[in-house]
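Enquirer: Got a structure here, written out as C-alpha cells. Questions coming.
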Amino acid sequence: MDNPVIIFGANSLGQAAMEIFESNKIVVYGFLDDNKELHGTELNEISVLGKTDDDGFLKLIGKKCEGFIAEDDRALRKGIVNLMMKRRKKMPVNAIHNSAEIAPSAHIGHGNFINSGVVIGANAKVSNHCLVNTNATIDYSAQLEDLVQVGAGSVVGSGAVVEENVFIGAGVTIVSGVKIGKNARVGAGSVVIADVKAGKTVFGNPAKEV
C-alpha cells in the first residue's frame, strides 16, 4: 500500500493504528472524529481534520488516500464502514503490526486491526473489521467472522468458530472446535470449553452463562 491513510477515530485505538502504519512506513494523512472539540488539534503531530462524514476528506479515499476505522464500539465501526462503502465504494485497509506472525495460508479480510505479537495460524480466517489485540493467538483453522474483538493475550483454539459481532475479553482461552454464537460476550480470563449460544454472556473457568 503506497497511499497515505486517513484514520477514522482520534482516540487511543487511533493512536495505536497510527503507530502501526508509521512503523510500516505508511504516511497518516490525518484523523476524522465526530468530537468537535478535537477538530484542529493534533495527535502526535497528526491533525484531526474534521467529522467522519466530511465529504471534503471522504472524497480523497480511493483516490489519494486509504481509510482505516479505529473505533472499538462495534456499532459505530459498522456505521462508518457502511458510510465508506456508500460514499466511496471502498473497503477500509488493514492495520497490521510488523511483529505479527501470519501464516501464508491464513485469510485476512479488510479493515482489521492486528496488534503486536499476534499469531494467526495456518488456514485461519480473520474476516472483516476485527480487532485482534496484543499477543492474541488465532490458531490454525480457527475462524473469526466480521466485527469480532479479541482481547490481549487471548487464544482462539484450532478449528474454533467465532461468529459476527462477538466480544472476547483479555486472557480468554477458547478450546479447539468450540463455536461462539453471534453477538455473544466472553468475560476476561474465561476458559470456554463448550459452545456459546448467540447473544449470551459467559464468564469463568469453565465459562458459564451469566
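Enquirer: Could you sort out which of Lys89/Lys179; Lys64/Lys90; Lys63/Lys182 sit more than 24 Å apart by Cα distance in this structure?
Expert: Lys89/Lys179; Lys63/Lys182
Enquirer: For His107 paired with Lys64, estimate the spin-label separation in nm (one decimal), with each label point 7 Å from Cα along the Cα-to-Cβ line.
Expert: 3.7
Enquirer: Here's a follow-up. Ordered by residue, what ³J(HN,Hα) values in Hz, to whole numbers, does segment 155-172 give under the Karplus form 6.51 cos²θ - 1.76 cosθ + 1.60, where θ = phi - 60° and Gly and Pro are x?
Expert: In residue order, the calculated couplings are 10, 9, x, 4, x, 5, 10, 10, 7, 4, 6, 8, 10, 10, x, 6, x, 8 Hz.
Enquirer: With θ taken as phi - 60° and the coefficients 6.51, -1.76 and 1.60, list the Karplus ³J(HN,Hα) couplings across segment 71-86 in order, rounded to whole Hz; mark glycine and proline as x.
Expert: Going residue by residue, I get 10, 8, 6, 5, 5, 5, 4, 5, x, 6, 4, 4, 4, 5, 5, 5 Hz, with x marking Gly and Pro.
Enquirer: Rounded to the nearest 5, what is the percent of antiparallel bridges among the DSSP beta bridges in the chain?
Expert: Numbers: 4 of 46 bridges.
Percent antiparallel among DSSP bridges in the chain is about 10.
Enquirer: Sequence-distant or interchain residues sharing an amide H contact under 5 Å with Asn94, placed H: which?
Expert: Those lying under 5 Å, H to H, from Asn94 are Gly111, Asn112.
Enquirer: Note down the net charge around Val202, summing +1 for each Lys or Arg and -1 for each Asp or Glu among other residues with Cβ under 11 Å from its Cβ.
Expert: Net charge around Val202: +2.
Enquirer: Now, a different point. Students often get this wrong: which residues of segment 146-166 have the backbone nitrogen under 18 Å from the point 7 angstrom along Cα-to-C-beta of Asn205?
Expert: Residues passing the 18 Å test: 151-157.
Enquirer: Also: What list of ³J(HN,Hα) couplings, whole Hz, do you get for segment 101-106 from phi and the Karplus terms 6.51, -1.76, 1.60, once you set θ to phi - 60° and write x for glycine and proline?
Expert: Taking θ as phi minus 60°, the curve returns 10, 10, 4, x, 8, 6 Hz for segment 101-106.
Enquirer: What is the sum of charges, Lys and Arg at +1 and Asp and Glu at -1, for the other residues whose Cβ falls under 12 Å from the Cβ of Val48?
Expert: That works out to -4.
Enquirer: Taking K and R as +1 and D and E as -1, what net charge do the other residues with C-beta under 14 Å from the C-beta of Val186 add up to?
Expert: +3
Enquirer: Note down the magnitude of the dipole of the chain about its Cα centre, charges +1 on Lys and Arg C-beta and -1 on Asp and Glu C-beta and zero elsewhere, to the nearest 20 debye.
Expert: 660
Enquirer: Is segment 5-93 rounded, prolate or oblate when judged by the Cα gyration tensor, a ≥ b ≥ c being the square roots of its eigenvalues, rounded requiring a/c under 1.5 and prolate requiring a/b larger than b/c?
Expert: Numbers: a/c = 1.32, a/b = 1.18, b/c = 1.12.
Because its axes are fairly even, with a/c under 1.5, segment 5-93 counts as rounded.
Enquirer: Which aspartates and glutamates, on any chain, are close to Lys78 with Cα under 20 Å apart, when same-chain ones fewer than 8 places away are left out?
Expert: Within the straight-line cut-off, Lys78 pairs with Asp33, Asp34, Asp53, Asp54, Asp55, Glu66, Glu145, Asp146, Glu163, Glu164.
Enquirer: Could you give the dipole magnitude of segment 5-93 about its Cα centre, charging the beta-carbon of Lys and Arg +1 and that of Asp and Glu -1, in debye to the nearest 20? Walk me through the intermediate numbers first.
Expert: Values: 14 positive and 14 negative charges, 145 e Å.
In total the dipole reaches around 700 debye.
Enquirer: Working from Cα positions, state the angle (0 to 90°, nearest 10) between the long axis of helix 12-23 and the longest principal axis of the chain.
Expert: Roughly 80 degrees between the two axes.
Enquirer: Please give the contour-minus-distance gain from Asn24 to Ala75: 0.36 nm per residue of separation, less the Cα-Cα distance, rounded to one decimal in nm.
Expert: Computed gain between Asn24 and Ala75 is 15.5 nm.
Enquirer: Compute, for segment 94-210, the length of the dipole vector about the Cα centre, with Cβ point charges of +1 (Lys, Arg) and -1 (Asp, Glu) only. Units Debye, rounded to 20.
Expert: About 240 debye.
Enquirer: Report the one residue of Val118, Val156, Ala198 whose Cα lies farthest in the direction of the positive end of the charge dipole of the chain (charges on C-beta: Lys and Arg +1, Asp and Glu -1; origin at the Cα centre).
Expert: Ala198
Enquirer: Additional query: Sticking with the crude label model, points 7 Å out along Cα→Cβ, report the distance from Lys86 to Asp53 in nm, one decimal please.
Expert: Here the modelled spin labels are 0.7 nm apart.
Enquirer: Which one, His107, Asn94, Leu131, projects farthest toward the positive side of the charge dipole computed for segment 94-210 from Cβ point charges (K/R +1, D/E -1)?
Expert: Leu131
Enquirer: Roughly what % of DSSP beta bridges within segment 94-210 run antiparallel, to the nearest 5?
Expert: 5
Since every read-out is calculated from the coordinates, none of them should be taken as a lab result. For clarity, every value in this text was computed on a predicted model and none was experimentally measured. Counting neighbours? That spans all protein chains shown, and the Cβs are built from the backbone with ideal geometry, glycine included.
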